[in-house]
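The structure appears below as C-alpha coordinates.
The values are calculated or read from the model by the stated rules, or taken from the named source; none is laboratory data. Just so you know, these numbers come straight off a predicted model, no measurement behind them. No Cβ is skipped: glycine too gets one built from the backbone with ideal geometry, and neighbour counts run over all protein chains shown. Accessible surface is based on the protein model in full, side chains and every heavy atom, while ligands, DNA and RNA are left aside. Shrake-Rupley method; radii C 1.70, N 1.55, O 1.52, S 1.80 Å.
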Amino acid sequence: MDWLMGMVADLEPWLTAAWVALPDTVRFVVVTLFKIGVVAICLIIAVAYFTYWERKIIGWIQNRIGPNRVGWKGVLQPFADVLKMQIKEVVIPANSNRFLFLTAPVVALVPALAVWAAVPMSESFVIADINAGLLYVLALTSMGVYGVILAGWSSNSKYAFLGAMRCAAQIVAYEIAMGFALVGVLMAGGSLNLGDIVRAQEGTSMLSWFVWPLFPLFLVYFISGVAETNRAPFDVAEGESEIVAGFHVEYGGIGFGLFFLAEYANMILITALTATFFLGGWLSPFAGVPGLADTWLAAPSFGWLALKMGFFCFCFLWFRATFPRYRYDQIMRLGWKVFIPITIVWIVVEGVMAALEIGPWAAGV
(Lines give C-alpha, C1' and ligand atoms only; values in the text may rest on other atoms or scores of the structure.)
Protein backbone atom coordinates (compact mmCIF):
# COMPACT_ATOMS: atom_id res chain seq x y z
CA MET A 1 0.00 0.00 0.00
CA ASP A 2 2.91 2.36 0.75
CA TRP A 3 4.30 2.01 -2.76
CA LEU A 4 0.87 2.78 -4.22
CA MET A 5 0.52 5.93 -2.13
CA GLY A 6 4.03 6.93 -3.16
CA MET A 7 3.17 6.47 -6.83
CA VAL A 8 0.05 8.63 -6.44
CA ALA A 9 2.13 11.31 -4.69
CA ASP A 10 4.68 11.26 -7.53
CA LEU A 11 1.95 11.57 -10.18
CA GLU A 12 0.01 14.32 -8.44
CA PRO A 13 2.14 17.28 -9.62
CA TRP A 14 2.13 15.96 -13.19
CA LEU A 15 -1.65 15.43 -13.20
CA THR A 16 -2.21 18.89 -11.72
CA ALA A 17 -0.03 20.50 -14.41
CA ALA A 18 -1.80 18.54 -17.17
CA TRP A 19 -5.21 19.56 -15.84
CA VAL A 20 -4.24 23.25 -15.66
CA ALA A 21 -2.86 23.10 -19.20
CA LEU A 22 -6.20 21.96 -20.64
CA PRO A 23 -8.43 24.59 -22.28
CA ASP A 24 -11.28 25.89 -20.13
CA THR A 25 -13.86 24.36 -22.48
CA VAL A 26 -12.33 20.90 -22.20
CA ARG A 27 -12.17 21.13 -18.40
CA PHE A 28 -15.80 22.25 -18.29
CA VAL A 29 -16.87 19.28 -20.46
CA VAL A 30 -14.88 16.80 -18.35
CA VAL A 31 -16.30 18.13 -15.07
CA THR A 32 -19.85 18.16 -16.46
CA LEU A 33 -19.57 14.59 -17.78
CA PHE A 34 -18.26 13.50 -14.40
CA LYS A 35 -21.23 15.12 -12.64
CA ILE A 36 -23.65 13.53 -15.11
CA GLY A 37 -22.10 10.11 -14.50
CA VAL A 38 -22.32 10.49 -10.72
CA VAL A 39 -25.96 11.60 -10.80
CA ALA A 40 -27.01 8.96 -13.36
CA ILE A 41 -25.37 6.07 -11.49
CA CYS A 42 -26.75 7.19 -8.12
CA LEU A 43 -30.23 7.65 -9.62
CA ILE A 44 -30.29 4.20 -11.23
CA ILE A 45 -29.15 2.58 -7.98
CA ALA A 46 -31.75 4.61 -6.07
CA VAL A 47 -34.49 3.43 -8.45
CA ALA A 48 -33.37 -0.19 -8.03
CA TYR A 49 -33.54 -0.06 -4.25
CA PHE A 50 -36.66 2.08 -4.26
CA THR A 51 -38.45 -0.90 -5.85
CA TYR A 52 -36.93 -3.17 -3.20
CA TRP A 53 -38.05 -0.99 -0.32
CA GLU A 54 -41.46 -0.59 -1.89
CA ARG A 55 -42.01 -4.32 -1.80
CA LYS A 56 -40.55 -4.57 1.69
CA ILE A 57 -42.52 -1.70 3.23
CA ILE A 58 -45.82 -2.68 1.63
CA GLY A 59 -45.14 -6.24 2.78
CA TRP A 60 -44.64 -5.05 6.36
CA ILE A 61 -47.78 -2.93 6.20
CA GLN A 62 -49.75 -5.94 4.93
CA ASN A 63 -48.10 -8.33 7.41
CA ARG A 64 -46.02 -10.09 4.74
CA ILE A 65 -42.27 -10.67 4.43
CA GLY A 66 -41.48 -9.25 0.99
CA PRO A 67 -38.39 -10.21 -1.06
CA ASN A 68 -36.15 -12.49 1.00
CA ARG A 69 -34.55 -15.02 -1.35
CA VAL A 70 -32.02 -13.31 -3.64
CA GLY A 71 -29.11 -12.19 -1.49
CA TRP A 72 -29.14 -11.34 2.22
CA LYS A 73 -32.70 -10.29 3.15
CA GLY A 74 -33.42 -10.07 -0.58
CA VAL A 75 -31.09 -7.10 -1.19
CA LEU A 76 -30.08 -8.44 -4.62
CA GLN A 77 -33.67 -8.79 -5.82
CA PRO A 78 -33.56 -5.55 -7.92
CA PHE A 79 -30.57 -6.88 -9.88
CA ALA A 80 -32.34 -10.18 -10.47
CA ASP A 81 -35.35 -8.26 -11.80
CA VAL A 82 -33.14 -6.24 -14.16
CA LEU A 83 -31.45 -9.38 -15.46
CA LYS A 84 -34.81 -11.02 -16.04
CA MET A 85 -36.09 -8.04 -18.06
CA GLN A 86 -32.92 -7.87 -20.13
CA ILE A 87 -33.03 -11.50 -21.25
CA LYS A 88 -36.75 -11.57 -22.05
CA GLU A 89 -37.77 -11.39 -25.70
CA VAL A 90 -39.09 -8.06 -26.99
CA VAL A 91 -42.43 -8.90 -28.62
CA ILE A 92 -43.83 -6.32 -31.04
CA PRO A 93 -47.57 -6.57 -31.80
CA ALA A 94 -48.30 -7.44 -35.42
CA ASN A 95 -50.41 -4.38 -36.26
CA SER A 96 -48.49 -1.86 -34.20
CA ASN A 97 -46.42 1.06 -35.45
CA ARG A 98 -43.00 -0.51 -34.98
CA PHE A 99 -40.95 2.71 -34.90
CA LEU A 100 -43.18 4.54 -32.41
CA PHE A 101 -43.63 1.39 -30.34
CA LEU A 102 -39.87 1.11 -29.84
CA THR A 103 -39.36 4.86 -29.45
CA ALA A 104 -42.02 5.46 -26.77
CA PRO A 105 -40.03 4.05 -23.78
CA VAL A 106 -37.05 6.22 -24.71
CA VAL A 107 -39.26 9.30 -25.04
CA ALA A 108 -40.61 8.62 -21.54
CA LEU A 109 -37.18 7.97 -20.02
CA VAL A 110 -35.03 10.76 -21.46
CA PRO A 111 -36.94 13.72 -19.88
CA ALA A 112 -37.07 11.83 -16.56
CA LEU A 113 -33.26 11.73 -16.53
CA ALA A 114 -32.51 15.07 -18.21
CA VAL A 115 -34.49 17.14 -15.72
CA TRP A 116 -31.99 16.20 -12.98
CA ALA A 117 -29.45 18.52 -14.63
CA ALA A 118 -31.05 21.56 -12.98
CA VAL A 119 -31.74 20.03 -9.55
CA PRO A 120 -29.18 21.27 -6.97
CA MET A 121 -27.93 18.47 -4.73
CA SER A 122 -26.05 20.83 -2.45
CA GLU A 123 -24.81 24.40 -2.46
CA SER A 124 -21.80 23.43 -4.58
CA PHE A 125 -23.06 20.47 -6.65
CA VAL A 126 -25.41 20.98 -9.58
CA ILE A 127 -24.89 19.88 -13.17
CA ALA A 128 -26.35 23.00 -14.81
CA ASP A 129 -26.87 26.05 -12.61
CA ILE A 130 -29.20 27.78 -15.07
CA ASN A 131 -31.14 30.92 -14.26
CA ALA A 132 -34.36 29.59 -15.78
CA GLY A 133 -34.16 26.28 -13.93
CA LEU A 134 -37.80 26.36 -12.89
CA LEU A 135 -38.95 26.72 -16.50
CA TYR A 136 -36.57 23.94 -17.54
CA VAL A 137 -38.07 21.61 -14.93
CA LEU A 138 -41.64 22.44 -15.98
CA ALA A 139 -40.83 21.92 -19.66
CA LEU A 140 -39.15 18.53 -19.25
CA THR A 141 -41.62 17.12 -16.74
CA SER A 142 -44.36 17.93 -19.25
CA MET A 143 -42.67 15.92 -21.99
CA GLY A 144 -42.92 12.55 -20.27
CA VAL A 145 -46.59 12.21 -21.21
CA TYR A 146 -45.65 12.02 -24.89
CA GLY A 147 -43.96 8.67 -24.28
CA VAL A 148 -47.12 7.38 -22.61
CA ILE A 149 -49.37 8.61 -25.44
CA LEU A 150 -47.07 7.15 -28.11
CA ALA A 151 -47.00 3.82 -26.29
CA GLY A 152 -50.77 3.66 -26.03
CA TRP A 153 -51.43 4.69 -29.62
CA SER A 154 -48.68 2.70 -31.35
CA SER A 155 -49.58 -0.56 -29.59
CA ASN A 156 -52.84 -0.82 -31.55
CA SER A 157 -54.59 -2.07 -28.41
CA LYS A 158 -57.78 -0.61 -27.05
CA TYR A 159 -56.64 -1.14 -23.45
CA ALA A 160 -53.31 0.61 -24.07
CA PHE A 161 -55.06 3.45 -25.90
CA LEU A 162 -57.58 3.94 -23.07
CA GLY A 163 -54.75 4.05 -20.55
CA ALA A 164 -52.86 6.63 -22.63
CA MET A 165 -55.92 8.87 -22.95
CA ARG A 166 -56.61 8.64 -19.23
CA CYS A 167 -52.99 9.57 -18.51
CA ALA A 168 -53.05 12.54 -20.91
CA ALA A 169 -56.25 13.99 -19.40
CA GLN A 170 -54.99 13.43 -15.86
CA ILE A 171 -51.63 15.07 -16.50
CA VAL A 172 -53.24 18.10 -18.15
CA ALA A 173 -55.44 18.61 -15.08
CA TYR A 174 -52.71 18.24 -12.48
CA GLU A 175 -49.94 20.03 -14.37
CA ILE A 176 -51.98 23.22 -14.22
CA ALA A 177 -52.25 22.89 -10.43
CA MET A 178 -48.53 22.12 -10.13
CA GLY A 179 -47.66 25.10 -12.31
CA PHE A 180 -49.77 27.46 -10.23
CA ALA A 181 -48.20 26.07 -7.05
CA LEU A 182 -44.75 26.84 -8.45
CA VAL A 183 -45.88 30.38 -9.27
CA GLY A 184 -46.28 30.83 -5.52
CA VAL A 185 -42.75 29.49 -4.99
CA LEU A 186 -41.45 31.88 -7.66
CA MET A 187 -43.14 34.83 -5.94
CA ALA A 188 -41.66 33.82 -2.59
CA GLY A 189 -38.17 33.06 -3.86
CA GLY A 190 -37.91 35.89 -6.34
CA SER A 191 -35.96 33.74 -8.82
CA LEU A 192 -36.30 30.97 -11.39
CA ASN A 193 -32.98 29.47 -10.31
CA LEU A 194 -33.50 26.44 -8.07
CA GLY A 195 -30.38 27.19 -6.04
CA ASP A 196 -31.56 30.74 -5.41
CA ILE A 197 -34.94 29.39 -4.30
CA VAL A 198 -33.21 27.23 -1.69
CA ARG A 199 -31.00 30.12 -0.56
CA ALA A 200 -34.10 32.31 -0.20
CA GLN A 201 -35.23 29.90 2.52
CA GLU A 202 -32.11 30.45 4.63
CA GLY A 203 -32.79 32.08 7.97
CA THR A 204 -32.40 31.72 11.66
CA SER A 205 -34.47 28.53 11.79
CA MET A 206 -36.56 26.10 9.75
CA LEU A 207 -39.45 28.55 10.12
CA SER A 208 -37.92 30.35 7.12
CA TRP A 209 -38.81 27.44 4.83
CA PHE A 210 -41.57 28.07 2.29
CA VAL A 211 -43.64 25.13 3.54
CA TRP A 212 -45.15 27.31 6.30
CA PRO A 213 -46.41 30.36 4.38
CA LEU A 214 -47.18 28.24 1.31
CA PHE A 215 -48.62 25.19 3.05
CA PRO A 216 -51.70 24.82 0.79
CA LEU A 217 -49.45 25.06 -2.29
CA PHE A 218 -47.11 22.48 -0.74
CA LEU A 219 -49.97 20.00 -0.33
CA VAL A 220 -51.28 20.66 -3.82
CA TYR A 221 -47.83 20.28 -5.37
CA PHE A 222 -46.97 17.00 -3.68
CA ILE A 223 -50.38 15.39 -4.22
CA SER A 224 -50.33 16.56 -7.85
CA GLY A 225 -46.87 15.01 -8.13
CA VAL A 226 -48.31 11.69 -6.99
CA ALA A 227 -50.96 12.02 -9.70
CA GLU A 228 -48.39 13.09 -12.32
CA THR A 229 -46.39 9.92 -11.76
CA ASN A 230 -49.54 7.76 -12.08
CA ARG A 231 -49.10 6.34 -8.62
CA ALA A 232 -51.81 5.02 -6.33
CA PRO A 233 -54.41 6.24 -5.58
CA PHE A 234 -54.21 8.03 -8.97
CA ASP A 235 -53.03 5.04 -11.02
CA VAL A 236 -56.03 4.84 -13.37
CA ALA A 237 -53.68 4.99 -16.39
CA GLU A 238 -52.49 1.49 -15.50
CA GLY A 239 -55.52 0.25 -13.60
CA GLU A 240 -55.09 -3.53 -13.61
CA SER A 241 -58.65 -4.17 -12.50
CA GLU A 242 -60.08 -2.09 -15.36
CA ILE A 243 -57.78 -1.95 -18.41
CA VAL A 244 -55.25 -4.75 -17.89
CA ALA A 245 -52.17 -2.63 -16.99
CA GLY A 246 -53.01 0.29 -19.26
CA PHE A 247 -50.67 1.98 -21.69
CA HIS A 248 -47.78 -0.51 -21.38
CA VAL A 249 -49.90 -3.66 -21.57
CA GLU A 250 -48.19 -4.75 -24.81
CA TYR A 251 -44.67 -4.13 -23.52
CA GLY A 252 -42.37 -6.72 -22.02
CA GLY A 253 -38.70 -7.15 -21.33
CA ILE A 254 -36.47 -4.11 -21.62
CA GLY A 255 -39.25 -1.91 -23.05
CA PHE A 256 -41.32 -2.37 -19.91
CA GLY A 257 -38.15 -1.91 -17.87
CA LEU A 258 -37.55 1.55 -19.38
CA PHE A 259 -41.09 2.65 -18.52
CA PHE A 260 -40.53 1.27 -15.02
CA LEU A 261 -37.26 3.20 -14.70
CA ALA A 262 -38.88 6.43 -15.93
CA GLU A 263 -41.78 6.11 -13.47
CA TYR A 264 -39.57 5.59 -10.44
CA ALA A 265 -37.07 8.26 -11.54
CA ASN A 266 -39.99 10.69 -11.77
CA MET A 267 -41.15 9.69 -8.30
CA ILE A 268 -37.71 10.41 -6.84
CA LEU A 269 -37.63 13.66 -8.84
CA ILE A 270 -40.92 14.81 -7.29
CA THR A 271 -39.52 14.17 -3.82
CA ALA A 272 -36.37 16.16 -4.64
CA LEU A 273 -38.34 19.08 -6.09
CA THR A 274 -40.78 19.13 -3.17
CA ALA A 275 -37.89 19.27 -0.71
CA THR A 276 -36.14 21.95 -2.80
CA PHE A 277 -39.15 24.22 -3.28
CA PHE A 278 -40.75 23.97 0.15
CA LEU A 279 -38.42 22.37 2.70
CA GLY A 280 -35.16 24.21 2.17
CA GLY A 281 -33.42 21.63 -0.02
CA TRP A 282 -29.99 20.96 1.47
CA LEU A 283 -30.57 23.30 4.46
CA SER A 284 -30.51 21.82 7.95
CA PRO A 285 -33.63 21.91 10.16
CA PHE A 286 -31.35 22.55 13.14
CA ALA A 287 -29.99 25.86 11.90
CA GLY A 288 -30.46 28.46 14.64
CA VAL A 289 -31.43 25.91 17.29
CA PRO A 290 -29.75 26.85 20.62
CA GLY A 291 -26.94 24.46 21.44
CA LEU A 292 -26.86 22.96 17.93
CA ALA A 293 -26.24 26.02 15.76
CA ASP A 294 -22.45 25.55 15.84
CA THR A 295 -22.42 21.76 15.36
CA TRP A 296 -22.37 19.60 12.27
CA LEU A 297 -26.11 19.04 12.66
CA ALA A 298 -26.76 22.66 11.64
CA ALA A 299 -24.44 22.51 8.60
CA PRO A 300 -26.19 22.39 5.21
CA SER A 301 -25.38 19.27 3.19
CA PHE A 302 -26.75 16.77 0.70
CA GLY A 303 -27.58 14.49 3.61
CA TRP A 304 -30.45 16.72 4.70
CA LEU A 305 -31.86 16.75 1.16
CA ALA A 306 -31.59 12.95 1.03
CA LEU A 307 -33.45 12.60 4.35
CA LYS A 308 -36.26 14.85 3.16
CA MET A 309 -36.47 12.91 -0.09
CA GLY A 310 -36.56 9.65 1.86
CA PHE A 311 -39.55 10.84 3.86
CA PHE A 312 -41.52 11.74 0.73
CA CYS A 313 -40.51 8.46 -0.93
CA PHE A 314 -41.99 6.67 2.08
CA CYS A 315 -45.19 8.72 1.61
CA PHE A 316 -45.47 7.39 -1.97
CA LEU A 317 -45.35 3.83 -0.66
CA TRP A 318 -47.62 4.59 2.28
CA PHE A 319 -50.29 6.01 -0.04
CA ARG A 320 -50.15 2.92 -2.24
CA ALA A 321 -50.63 0.59 0.71
CA THR A 322 -53.41 2.68 2.29
CA PHE A 323 -55.75 4.30 -0.21
CA PRO A 324 -57.99 2.60 -2.77
CA ARG A 325 -57.84 3.73 -6.37
CA TYR A 326 -59.99 6.77 -7.16
CA ARG A 327 -62.61 6.61 -9.85
CA TYR A 328 -61.64 8.54 -12.95
CA ASP A 329 -64.34 11.18 -12.47
CA GLN A 330 -63.17 11.71 -8.87
CA ILE A 331 -59.61 12.32 -10.06
CA MET A 332 -60.76 14.87 -12.63
CA ARG A 333 -63.00 16.61 -10.11
CA LEU A 334 -60.17 16.86 -7.58
CA GLY A 335 -57.79 18.36 -10.12
CA TRP A 336 -60.10 20.85 -11.82
CA LYS A 337 -62.52 21.81 -9.04
CA VAL A 338 -60.35 21.63 -5.92
CA PHE A 339 -56.64 21.99 -6.58
CA ILE A 340 -56.69 24.68 -9.27
CA PRO A 341 -59.04 27.00 -7.32
CA ILE A 342 -56.94 26.52 -4.15
CA THR A 343 -53.74 27.51 -5.95
CA ILE A 344 -55.32 30.54 -7.59
CA VAL A 345 -56.79 31.77 -4.30
CA TRP A 346 -53.51 31.31 -2.44
CA ILE A 347 -51.52 33.10 -5.14
CA VAL A 348 -53.89 36.06 -4.79
CA VAL A 349 -53.51 35.97 -0.98
CA GLU A 350 -49.74 35.81 -1.32
CA GLY A 351 -49.70 38.72 -3.76
CA VAL A 352 -51.83 40.87 -1.46
CA MET A 353 -49.67 40.10 1.57
CA ALA A 354 -46.50 40.78 -0.44
CA ALA A 355 -47.91 44.12 -1.62
CA LEU A 356 -48.74 45.00 1.98
CA GLU A 357 -45.30 43.71 3.09
CA ILE A 358 -46.88 41.21 5.44
CA GLY A 359 -45.49 37.76 5.99
CA PRO A 360 -42.05 36.16 5.83
CA TRP A 361 -41.92 35.94 2.03
CA ALA A 362 -42.67 39.57 1.18
CA ALA A 363 -38.99 40.44 0.83
CA GLY A 364 -38.55 37.85 -1.91
CA VAL A 365 -41.11 39.41 -4.24
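Remarks
- Rotationally averaged projected area of region 229-300 (alpha carbon convex hull; nm²): 7.1
- Rolled with a 1.4 Å probe across the full set of protein chains, the surface gives R98 an accessible area near 150 Å².
- Region 26-75: radius of gyration over Cα atoms, expressed as a fraction of 2.2 N^0.38 Å: 1.73
- Think of a 1.4 Å ball rolled over the protein heavy atoms: region 162-281 then has 28 Å² of accessible area per residue.
- Rolling a 1.4 Å probe across all protein chains gives K84 an accessible area of roughly 120 Å².
- Qualifying lysines (Cα of each under 16 Å from Cα of K56; at least 8 residues distant if same chain): K73
- Order by protection proxy (mean Cβ within 10 Å, highest first), peptides 181-191, 266-276: 266-276, 181-191
- Region 54-78-region 194-216 distance, computed between alpha-carbon centres (Å): 37
- Ordered by 1.4 Å accessible area with all protein chains kept, T16, T25 run largest first as T25, T16.
- Largest to smallest principal axis extent of the C-alpha atoms in region 293-365, angstrom: 51, 38, 14
- Two-decimal Rg/Rh across the chain, once Rg and the Kirkwood Rh are taken from alpha-carbon atoms: 1.01
- Separation of alpha-carbon centers, region 141-179 and region 278-355, rounded to whole Å: 25
- Restricting the calculation to alpha carbons of region 155-218 gives Rg and Dmax of 17.7, 58 angstrom.
- Heavy-atom accessible area ranking, 1.4 Å probe, most first, across W282, W346, W318: W318, W346, W282
- Under-5 Å amide H pairs with A299, H placed in peptide plane, nonlocal only: none
- Using the rule -39500 (n - 2.57) for each DSSP H run of four or more residues, divided by the residues of the chain, the 222 nm mean residue ellipticity is -21500 deg cm²/dmol.
- Cα convex hull of region 103-207, projected area averaged across orientations, nm²: 7.8
- Computing FRET efficiency as 1/(1 + (r/R0)^6) for R98 and A21, where r is the C-beta to C-beta distance and R0 is 51 Å, gives about 0.55.
- Of the residues D129, D196, ranked by 1.4 Å probe accessible area with the largest first, the sequence reads D129, D196.
- Annotation: peptides 213-224, 319-330, ranked by per-residue average of other Cβ atoms within 10 Å with the highest first, follow the order 213-224, 319-330.
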